[in-house]
Structures are given as structure tokens and as C-alpha cells.
Amino acid sequence: MSDAHRYIALAAEGVQRLAPYVPGKPIEEVERELGIRNTVKLASNENPLGPPAASVEAASRALGSAALYPDGSAWALKRGLAAHLNVTPECLTPGNGSNDVLVLLAEAFLMPGRSAIYSQYAFIVYALAVQAASAHAIVVPALPAHHPVKPLGHDLAAMREAVDDRTRLVFIANPNNPTGTWLDAGALRDFIASLPPEVIVVVDEAYAEYVTDPAYASAIGWIDEFPNLVVTRTFSKIYALAGLRVGYAVSHPVIADLLNRVRQPFNVNAPAQAAALAALDDAAHVRRSQQLNAQGRVQLGEGLTALGCQVVPSEGNFLLVRMPVPAMDSYQHLLKAGFIVRPVGNYGLPDHLRITVGLPEQNAGLLAALARMPGIAGARC
Ligand SMILES: *Cc1c(COP(=O)(O)O)cnc(C)c1O
């Protein structure tokens with residue numbers, strides 16, 4: 001046994017210190033452990049409406065050809081996306097989730113001796129990807145919790161300051177997970193324009209379709225202008241296909257070509273490609289999801305605030321909430337009441353929980369369960 005520990009020293013330097021990603025607790029596991037049923041998972045920012053019917057159908061049909069390898073170039077999906085986004089197919093790199101393209105970016109541009117920049121409280125996959133590449137991570141302090149406009153948000157001025165001659169990647173999550181914070185279009189555009197051309201800026205837009213603030217804009221429209229800009233998107237969030245793993249990067253074709261060199265030839269499976277393409281055609285599902293989320297975000301935010309929680313302003317399909325009682329106690333209390341939410345101690349936010357916006361009745365149920373917790377404002381226990 002102790003002999004086996006020697007292998008740790010044999011791993012790449014970054015891997016030795018790598019802590020694996022901790023996903024949201026699966027429903028089955030919670031129900032098995034607590035002996036409860038009808039659990040509601042609000043822990044992984046999944047779409048409570050479920051996948052579009054056309055996607056389920058297309059994926060099922062594709063299963064009939066499961067003996068064949070998928071289209072390694074994802075030709076049909078890229079063509080559909082290109083039309084949808086008003087870019088050329090050469091700008092697109094398909095990924096096994098956008099997590100995949102984030103890792104491909106690190107593989108293609110990072111190595112020991114190079115650095116990547118991201119914000120404190122930014123999506124944790126950036127840290128994992130940078131570390132796995134044994135590169136140096138520059139973590140820039142976020143804006144303070146008492147910031148009047150963007151509490152816990154990215155501090156773009158400080159991130160610009162942090163760029164040095166070893167920097168090859170800057171990760172920007174817009175909106176960010178787990179904070180829900182976002183950047184105004186003008187500020188982000190100025191930031192990108194200020195970067196030296198050898199620094200690639202990755203704008204992660206996993207939640208772009210949920211944003212309602214008119215000051216926000218997708219960076220995809222700036223691709224032609226900035227050859228060092230990469231935008232990542234996913235079918236996991238508003239398109240409700242998280243289980244199938246489809247995402248993509250939009251960039252200058254030269255960067256797409258580099259990502260293609262490190263990409264596994266068949267990284268997106270055939271049912272996933274078919275489902276994603278079908279989802280693009282269901283604009284009504286996206287609109288419904290967006291509206292439901294915008295309403296649920298207000299419902300949940302107001303309810304949590306009334307219970308004495310501090311809610312961080314969010315443009316995503318989730319809220320970061322500072323609990324008035326110990327966050328892990330609230331987490332356990334909600335778990336027993338049948339609601340799985342996400343503790344974010346691993347993000348350095350031990351007093352917060354991240355709660356995904358659910359269906360109206362799920363949001364109401366969570367608020368009612370929380371109101372029954374001792375120590376919560378209005379609790380009668
Ligand atoms: C969920 C999420 C992703 C992507 O997840 P995939 O399922 O791998 O596409 C990317 N970035 C952020 C900020 C996320 O929250």
C-alpha cells in the first residue's frame with residue numbers, strides 16, 4: 001500500500017497537487033442515504049424543464065447507429081451552430097461539454113513556466129485545467145462582498161494588472177458560477193482590447209442565454225475583431241442536455257485549428273450531436289426556460305432575502321446566498337427536507353450556498369423548508 005504512494009511522486013507536477021472536481025450530490029445517493037423520496041436537485045444548475053422533446057427523439061434515433069463512430073468533425077452540428085451564431089463553421093471547436101474545450105485550451109497553450117489568470121471565486125474548472133497543465137495560476141482577488149454594483153465579481157482592472165510576459169490565458173466567466181456575477185459589455189470589450197495579442201482571453205458564456213440585463217452582450221460578436229478571443233458555450237444549461245455532454249468554442253479559425261489538434265477525434269458522441277442540433281431548432285424551449293428562470297430567480301431571491309439570507313445579484317439560473325446560520329447546517333437541513341443544494345466551501349465561500357432556480361413549486365418548497373429551520377428569521381421551531 002505505502003509502495004503505491006510512490007506513484008504520486010511520478011505523476012506530472014501539477015497532477016500531484018490536483019484535487020478532483022466535486023460534483024453536486026446525485027439524487028439516487030441522497031435518497032439511498034437518507035431513506036427519502038421525491039428529492040429535488042437544485043445543486044448543478046440543470047434546467048428544471050428537462051430536454052426538448054425533439055432532442056430526446058433525435059438522440060434515440062442516433063442510438064440505432066451506435067455501432068458506427070460519430071462524425072468526428074461534427075459537421076452537421078457545426079453547420080447548424082454557424083447559422084445560429086452567424087459565424088463560419090471554421091470558427092467552431094466541438095467539446096464533450098464546454099469543460100472539454102476549457103481543458104483543450106489549457107493543453108494547447110499552457111505548460112510549466114507559463115501562467116493563466118482567473119478571478120477568485122471563478123468557475124473551479126479553470127483552476128483544475130491550469131494545474132493539470134502544470135502551469136502557474138494567478139488568482140486575482142474578486143471585488144469585495146460590499147461592492148455596490150458587482151459584489152464578488154471579476155475585478156477586470158486587477159486582472160489586467162496581473163498579466164505578465166508568461167501569461168497565455170485569461171479566463172473570464174460571464175456570468176460566473178458560483179457567484180452569478182456578470183460584466184457589462186463595454187467594460188469587457190475594453191478589457192479584451194487592452195490585452196497584448198499573445199494573451200488569449202477565454203470568455204465562458206455557459207449561462208449567456210439566461211441573462212436579462214441589457215448592459216450584457218455576448219463576446220461572440222467580437223470574434224472577427226480579436227483573434228486572441230475564445231468564447232465557450234454549452235448545451236448543458238439552458239438547452240437542458242447536461243447528461244449528453246456537448247459544448248463548443250468560438251474563435252478565430254487558427255485557434256480552432258490548434259484546439260482540433262489536441263481534441264480527441266470523437267469527443268462528442270453521436271446521440272449528443274444529434275440532440276444538440278435538434279435543440280437549436282427549439283427556440284420556444286429556450287424562451288420558456290429563460291422566462292421561467294427570470295421569474296424563479298426573483299421568487300427565490302425575494303424569499304431568501306425575507307428569511308435573512310444575503311443574496312448575491314445573479315444573471316444565471318442559480319443564486320449564491322450567504323446564510324444567516326452555518327451554511328453546512330442549512331445544507332443538511334435542506335437535504336433531509338428533500339432539497340439538494342450546493343455547498344461552496346471549496347470556492348472559499350464557507351458561509352454561502354449555491355441554489356439552482358427550480359420550478360415555481362420547487363422554489364416555494366425550498367423556501368418553506370428553510371423557513372422551518374431553527375435560527376432562520378421567522379422560524380417557529
Ligand atoms: C456548467 C458550466 C460550464 C460547462 O459545463 P459543461 O457541462 O461541461 O458544458 C462551463 N462554465 C461554467 C461557468 C459552468 O457553470
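For region 194-219, a residue qualifies if it is more than 16 Å from the ligand (Cβ to nearest atom), open to solvent by less than 20 Å² (accessible area, probe 1.4 Å) and not in a strand (DSSP E or B), and the qualifying residues are Leu195, Val199.
Considering each residue of region 45-61 in turn, at least one proves to be touching a Phe, Trp or Tyr at 6+ places or on another chain (Cβ under 6 Å) and either within 19 Å of Leu241 (Cβ to Cβ) or modelled with pLDDT of 95 or more (or both).
Of note, Arg287 satisfies the criterion of being more than 16 Å from the ligand (Cβ to nearest atom), part of a helix (DSSP H, G or I), out of contact with any Gly (no Cβ under 6 Å at 6 or more places or on another chain) and without any contact (Cβ under 8 Å) to a residue 24 or more places away in the chain.
In the condition set (1) touching a helix residue (DSSP H, G or I) at 6+ places or on another chain (Cβ under 9 Å); (2) within 11 Å of the ligand (Cβ to nearest atom); (3) open to solvent by less than 10 Å² (accessible area, probe 1.4 Å), Asn99 is compliant with all but (3).
Annotation: of all residues in region 313-334 being open to solvent by less than 10 Å² (accessible area, probe 1.4 Å) and touching a residue at least 40 places away in the same chain (Cβ under 8 Å), the one that is farthest from Met373 (Cα to Cα) is Gly316.
Please work out which residue is nearest to Arg166 (Cα to Cα), limiting yourself to region 112-122 and to residues that are surrounded by fewer than 23 Cβ atoms within 10 Å (Cβ to Cβ) and touching a residue at least 60 places away in the same chain (Cβ under 8 Å). So the residue we want is Pro112. Looking across region 86-96, the residues that are open to solvent by less than 40 Å² (accessible area, probe 1.4 Å) and either more than 16 Å from the ligand (Cβ to nearest atom) or not hydrophobic (A, V, I, L, M, F, W, C) (or both) come down to Val87, Cys91, Thr93, Pro94, Gly95. Please indicate, with yes or no, whether at least one residue in region 54-69 is free of Cβ contacts under 8 Å to residues at least 24 places away in the same chain and open to solvent by 50 Å² or more (accessible area, probe 1.4 Å). Yes, region 54-69 contains at least one residue that is free of Cβ contacts under 8 Å to residues at least 24 places away in the same chain and open to solvent by 50 Å² or more (accessible area, probe 1.4 Å).
Being within 11 Å of the ligand (Cβ to nearest atom), open to solvent by 40 Å² or more (accessible area, probe 1.4 Å) and touching a helix residue (DSSP H, G or I) at 6+ places or on another chain (Cβ under 7 Å) is not true of Arg233.
The values are calculated or read from the model by the stated rules, or taken from the named source; none is laboratory data. Predicted, not measured: the structure shown is a model, and the values here were computed from it. Counting neighbours? That spans all protein chains shown, and the Cβs are built from the backbone with ideal geometry, glycine included. Remember, those area values only see protein heavy atoms, side chains included, never the ligands or the DNA or RNA. Shrake-Rupley method; radii C 1.70, N 1.55, O 1.52, S 1.80 Å.
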